[in-house]
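Shown next, in structure tokens, is the structure this report addresses.
Every number in this text was worked out from the coordinates using simple rules, so none of it is lab data. All figures in this text were calculated on a predicted structure; none of them were measured in a lab. Backbone-built Cβ (ideal geometry, glycine too); neighbour counts: all protein chains shown.
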Amino acid sequence: MSASVAKRLTTADILAEARTWIGTPWHPHGNLRNVGANCAAMHVALAQLMGIALEALPVEYHQILLAPDWHLHTRREYFREAFEHGGHVRAVPVAEMQPPDILLFGFGQNPCSHAGILTTLEPQPTMLHIDFRRQITEEPLGGWRRRLRAVLRLRYLEDALC
């Protein structure tokens, strides 16, 4: 998809497409809507829709995912590295987050091991992510805020949000 096509997408377009992933079950290596996905797959698919090729996660990421508690034992920020590769996103302060910013959460030693998409700010912030029920869902940011480690914004959307 060309950059000119990608720039015609609005925040509403991106959020509408992201919501089509709701109900997709969790699968550690999955990347198919309604079949199975991990928390990074939806972001990669949305980036492709916008004409952005996110760098594939490194081979080591897929190897460590074989352990269900991989994120508790590494300090390497695989998600952040993948999102930031190519310069398509930039970090923004949490106080400035806007839909459809990418939210990165941390557990254990790893500062960024889970990803979501901010969908609303009012009346309370909500996000799309793989929840503990093991499917993509939209829910309040709520208690997740304490695990929020980084907010990333797609650079080509910045003008529309400013």
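What number of residues within the range 132-147 satisfy the criterion of being part of a strand (DSSP E or B) and either crowded, with 20+ Cβ neighbours inside 10 Å or on the phi > 0 side of the Ramachandran plot (or both)?
Within the range 132-147, the first condition is being part of a strand (DSSP E or B), and the residues that meet it are 135-140.
Filter again for either crowded, with 20+ Cβ neighbours inside 10 Å or on the phi > 0 side of the Ramachandran plot (or both), leaving 136.
Looking only at that region, the number is 1.
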Residue by residue through the range 9-36, note down the ones that are surrounded by 18 or more Cβ atoms within 10 Å (Cβ to Cβ), out of contact with any strand residue (DSSP E or B) (no Cβ under 6 Å at 6 or more places or on another chain) and not in a helix (DSSP H, G or I). LEU9
Filter the range 95-131 down to the residues that are more than 15 Å from the chain's Cα centre (by Cα) and not in a strand (DSSP E or B) and list them by number. ALA95, GLU96, GLY108, GLN109, LEU121, GLU122, PRO123, GLN124, PRO125
Matching residues in the range 75-118 (among the acidic types (Asp, Glu), surrounded by fewer than 21 Cβ atoms within 10 Å (Cβ to Cβ) and under 23 Å from GLY143 (Cβ atoms)) number 2
